[in-house]
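Right, one structure below, let's go through it.
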Amino acid sequence: MTMGSEEKDVFDNANTPVDELGDEIPSPAVDLAALQADYLAMKDQLLRAVAETENTRRRLTRERDETAKYAAANFAKEMLDVADNLHRALAAIPAEAVAKDEALKSLFDGVSATERQLDAAFTRQQIKRLWPEGEKFDSNLHQAMFEVPGTDQPNGTVVQVLQAGYVMHDRLLRPALVGVAKGEPKPAGDAPGHVDTVA
């Protein structure tokens, strides 16, 4: 007795091994190259996912550290005006008057102590005061307000500080407001390579 085609398919399927979920288990004759390609593709996806996770972790750690590092920046900016006013108050009191008036000396000492405490608090928060007089002008840290001719200083040297600048760690809170030396052009006879001729 011969089997029909439908009966043959049922018989063949009955002999195909299946796992507990009913999925067909591949026969040993499955192409090994296809399995290796699948393995390499899955390994590549896994490595990319691990790398992406590590990059995300590093970025979040860096952002968290920066947030903690500069958390007081806004408050510090507001306190800069207080520091300026304390400095101005001390500069406005003549030394001779402090020496003569005991009450004024007590006031001067109290304001000086307050300024020192504020400076100490700034130091603990890694806030540094910039007073660049005599230094070369740096547009990253200074804001030029005017040029000063005839100072006998090299061109671009800070010759006057109108307002101190401040940095927190490596971030600028406020640029120093400065006056910069303006070099005078040299007379034509002093130009390099110029030779005066006598008629």
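The values are calculated or read from the model by the stated rules, or taken from the named source; none is laboratory data. Please read all numbers here as calculations on a predicted model, not as lab measurements. Note: ideal-geometry Cβ built from the backbone for every residue, glycine included; neighbour counts use all protein chains shown. These area figures cover heavy atoms from the full protein model, side chains too; ligands, DNA and RNA do not enter into them. Shrake-Rupley method; radii C 1.70, N 1.55, O 1.52, S 1.80 Å.
Ligands, DNA and RNA left out, the 1.4 Å accessible surface of the stretch 29-155 is 55% carbon and sulfur atoms. Using a simple spin-label model with pseudo-atoms 7 Å out from Cα toward Cβ, Ala92 and Arg62 lie 4.7 nm apart.
The Rg/Rh ratio of the stretch 59-128, with both radii computed over alpha carbons and Rh defined as the Kirkwood radius, is 1.22. Taking all protein chains into account, the per residue accessible area for the stretch 53-197 stands at 69 Å² (1.4 Å probe). Distance check, please: which entries in Lys77/Lys105; Lys105/Lys182; Lys77/Lys136; Lys69/Lys136 exceed 32 angstrom between their Cα atoms? Where the Cα-Cα span goes over 32 Å, the pairs concerned are Lys105/Lys182.
Its convex hull of Cα atoms gives the stretch 136-187 a direction-averaged projected area, equal to a quarter of the hull surface, of 3.6 nm². Taking the square roots of five times each eigenvalue of the Cα gyration tensor of the stretch 26-178, the equivalent ellipsoid has semi-axes of 61, 22, 8 Å, listed largest first.
Computed extension gain for Glu54 through Gln143, at 0.36 nm per residue and net of the alpha carbon distance, reaches 27.9 nm. For Asp44 and Asn74, the FRET efficiency from 1/(1 + (r/R0)^6), where r spans their Cβ atoms and R0 equals 41 Å, is about 0.35. Amide H contacts of Val161: Gly179, each under 5 Å away and 5 or more positions distant or on a separate chain (H built 1.01 Å from N in the peptide plane; Pro and chain starts excluded).
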